[in-house]
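Inspection log for the structure reproduced underneath, given as structure tokens.
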Amino acid sequence: MKFIVLPIILFSLIPFLSGNVRFRDDEMMKSHHHHKHFIPQDSYLPNFKAKDQDQIKVHLIPHSHNDVGWLKTANEYFWGTNKKVQAAQVQFILDSVISALEGDPSKRFVYVEIFYFMKWWNQQRPKKKESVQNLVKNGQLEFANGGFCMNDEATTHFEDIIDQMTLGHKFLKDVFNVTVNIGWHLDPFGHSSTQANIFAEMGFDAFFFARIDYQDKDKRLNEKNMELLWKPIGSKDNQGIFSAVTYFHYSAPPGFCFDDACDEEPIIDDEEGEDSNINKKAVDLVEYFQNMADHYKQNELLHLIGDDFHYSNAFKYFGNIDRLIKYINDHPQWGVKIFYSTPSAYIKEINKLNLRYQEKTDDFMPYSDVPHGYWTGYYVSRPTLKGMVKEAGRFLQSVRTLFALSQFSKVSNEVDNMRKDMMMNTYDLEKAMAILQHHDAVAGTSVQKVADDYVAILNRGVSGAKKVNK
């Protein structure tokens, strides 16, 4: 019996020793694409011409997916500590991206997690804040989703989802006077019709997401149904929301990741040097997008450029993509034009095409990335944490009721101070609940240390709000 136990223990440690890859994302992404290599071997010659077709226009969407806790706590992610676990540093991502946008009006960036952005914003000087407001105003910096986090869709309650979205949207409205209209759930582990209905009733124009069953995705790729009209059963007036499954997960095209976390060679466009690689890389990217177009109804495409915690060195990432954009666009005979864009700009162009899309009414659940690999364990994992979140959510609603009733009290300095304390304590619980809606929080998919931190955050929020009851 002793000889059996040791191999079992060693085998159980393999996932922890093999790195920080979440499940089998790499296998899933590679299996979803059926690229036909129709470009001839001499395609790297300058006079290469692609196959006859309408010009393909590719909206490149630079983005960084920033988990509000997962392998590290949310604060560790923001400050960039505990690098042995993961070299992620959100404050420097925002510093670097904003500087890059300021230096070039053609660049675009999409940001989602308002928990982090608010934390970064509160540290900025007035001059920097004014600059960022201008970036938002001219469309270079676009906020998608607009919630405190990218919430889970399977283990959350609809009131808690709406609350965390409200918290982020209010900040964006107060600071930038913008109303977010794009749903952006790239990482939650499956997608519910309830979430689609919430976004539709919030007035969103579109809903982008990445994780659907691998067999469903294969079928949609083959039948050109990666984009659809989602009409959840029971939705008001049978309203729907334009929805799109991202092509290559939420990553850059394979071989074109230029973040410090990636190992790709830089794009070299030195015509006098022997190590110039821009022609080969450009044609590889043209081939990729031509193959991508084979899976869509139109030649107006959207592709993401980024991944988990990318762009801490935005100048490096943008610099390499800049060279590719210029080189490819200088070869119109290839039939592909690429440019920085945003989800809202893509939706605007898609609407002009007046296409008809397949309709869907049910969920994209359960999610499976490989045969027999159903992501359903998190529906019940860490039940204590899930129970705490549910109880705290109901407690928050009662606290809000008491706070509302307090507004009928007579006005005095004592009552006014009491209201301010109540408002602050209620807000702290709202923030804690918003963080816990993250798809690695209430879902129970974080490491133990981070799960403990989530519990501490929630307990602090609840403890403070209990003062409202007294």
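Is it the case that the range 366-379 has a residue that's modelled with pLDDT under 95, closer than 29 Å to Pro188 by Cβ and of a type in the set (A, V, I, L, M)?
Yes, the conditions are met somewhere in the range 366-379.
Of the residues that make up the range 121-140, is at least one in contact with a Ser or Thr (Cβ under 6 Å, 6 or more places away or on another chain), in contact (Cβ under 8 Å) with a residue 12 or more places away in the chain and not aromatic (Phe, Trp, Tyr)?
no
Would you please list the contacts, defined by Cβ atoms under 7 Å and residues six or more apart or on different chains, that run from a residue in the range 255-282 that is within 22 Å of Lys337 (Cβ to Cβ) and exposed (fewer than 13 other Cβ atoms within 10 Å of the Cβ) to a residue that is of a type outside the set (Gly, Ala, Ser) and at pLDDT below 95?
That search, which allows pairs on different chains as well, returns Gly255/Glu264; Lys280/Tyr44.
Quick check on this structure: which one of Ile325, Ile305, Ile278 is among the β-branched types (Val, Ile, Thr), in contact with an Asp or Glu (Cβ under 6 Å, 6 or more places away or on another chain) and in the same structural domain as Ala87 (by TED's automatic domain parsing)? Break it down into steps so the answer makes sense when it comes.
Details: Ile325 fails: in contact with an Asp or Glu (Cβ under 6 Å, 6 or more places away or on another chain); Ile305 fails: in contact with an Asp or Glu (Cβ under 6 Å, 6 or more places away or on another chain).
Exactly one of Ile325, Ile305, Ile278 is among the β-branched types (Val, Ile, Thr), in contact with an Asp or Glu (Cβ under 6 Å, 6 or more places away or on another chain) and in the same structural domain as Ala87 (by TED's automatic domain parsing), namely Ile278.
Kindly provide the set of residues from the range 411-453 that are more than 19 Å from Met165 (Cβ to Cβ) and at pLDDT 95 or above, ordered by number.
Answer for the range 411-453, where residues must be more than 19 Å from Met165 (Cβ to Cβ) and at pLDDT 95 or above: Gly444, Thr445, Ser446, Val447, Gln448, Lys449, Val450, Ala451, Asp452, Asp453.
Table: residues versus (1) polar (S, T, N, Q); (2) in contact with a strand residue (DSSP E or B) (Cβ under 9 Å, 6 or more places away or on another chain).
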residue: Lys128; (1), (2): no, no
residue: Leu135; (1), (2): no, yes
residue: Glu142; (1), (2): no, yes
residue: Ile161; (1), (2): no, yes
residue: Leu172; (1), (2): no, yes
residue: Phe176; (1), (2): no, yes
residue: Ser193; (1), (2): yes, yes
residue: Asp216; (1), (2): no, yes
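Tally up the residues in the range 123-133 that are in contact with a helix residue (DSSP H, G or I) (Cβ under 9 Å, 6 or more places away or on another chain) and assigned to a helix (DSSP H, G or I), please.
Final tally of qualifying residues: 5.
Can you name the number of the only condition in (1) more than 23 Å from Ala345 (Cβ to Cβ); (2) surrounded by fewer than 23 Cβ atoms within 10 Å (Cβ to Cβ); (3) touching a residue at least 40 places away in the same chain (Cβ under 8 Å) that Asp187 fails?
Condition (1) is where Asp187 drops out.
Quick check on Glu153: is it touching a Gly at 6+ places or on another chain (Cβ under 7 Å) and surrounded by fewer than 18 Cβ atoms within 10 Å (Cβ to Cβ)?
no
Does any residue of the range 216-238 turn out to be farther than 21 Å from Arg108 by Cβ and of a type in the set (Ser, Thr, Tyr)?
Yes; the residues of the range 216-238 include at least one that is farther than 21 Å from Arg108 by Cβ and of a type in the set (Ser, Thr, Tyr).
Tally up the residues in the range 367-383 that are surrounded by 12 or more Cβ atoms within 10 Å (Cβ to Cβ) and either at positive phi or assigned to a loop (DSSP other than H, G, I, E, B) (or both), please.
Of the residues in the range 367-383, the ones surrounded by 12 or more Cβ atoms within 10 Å (Cβ to Cβ) are 367-370, 373-376, 378-379, 381-382.
From what is left, the residues that are either at positive phi or assigned to a loop (DSSP other than H, G, I, E, B) (or both) are 367, 369-370, 373, 375-376, 381-382.
Final tally of qualifying residues: 8.
Can you give me the number of residues within the range 190-199 that are crowded, with 24+ Cβ neighbours inside 10 Å and more than 24 Å from Gly377 (Cα to Cα)?
1
Each row is one residue, and each column tells you yes or no for (1) within 27 Å of Val58 (Cβ to Cβ); (2) at pLDDT below 95; (3) more than 20 Å from the chain's Cα centre (by Cα).
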site	(1), (2), (3)
Ser99	yes, no, yes
Glu102	yes, no, yes
Phe115	no, no, no
Lys129	no, no, yes
Gly146	yes, no, no
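Write out, first by first residue and then by second, each pair whose Cβ atoms fall under 7 Å of each other, whose residues are 6+ apart or on separate chains, and whose first residue, in the range 372-395, is in the same structural domain as Asp213 (by TED's automatic domain parsing) while the second is surrounded by fewer than 15 Cβ atoms within 10 Å (Cβ to Cβ).
none
Any residue at all in the range 326-341 that is of a type outside the set (Val, Ile, Thr), crowded, with 17+ Cβ neighbours inside 10 Å, modelled with pLDDT of 95 or more and under 26 Å from the mean Cα position of the chain (by Cα)? Break it down stepwise before answering.
Here is the first cut: in the range 326-341, the residues of a type outside the set (Val, Ile, Thr) are 326-327, 329-335, 337, 339-341.
Subsequent filtering for residues that are crowded, with 17+ Cβ neighbours inside 10 Å retains 327, 331, 334-335, 340-341.
Next cut, modelled with pLDDT of 95 or more only: 327, 331, 334-335, 340-341.
Filter once more, so that each one left must be under 26 Å from the mean Cα position of the chain (by Cα): 340-341.
Yes, some residue in the range 326-341 is of a type outside the set (Val, Ile, Thr), crowded, with 17+ Cβ neighbours inside 10 Å, modelled with pLDDT of 95 or more and under 26 Å from the mean Cα position of the chain (by Cα).
The values are calculated or read from the model by the stated rules, or taken from the named source; none is laboratory data. Values in this document were obtained by computation on a predicted structure and should not be read as measured data. Positions of Cβ are generated from backbone atoms using ideal geometry, with glycine treated the same way; all protein chains shown enter the neighbour counts.
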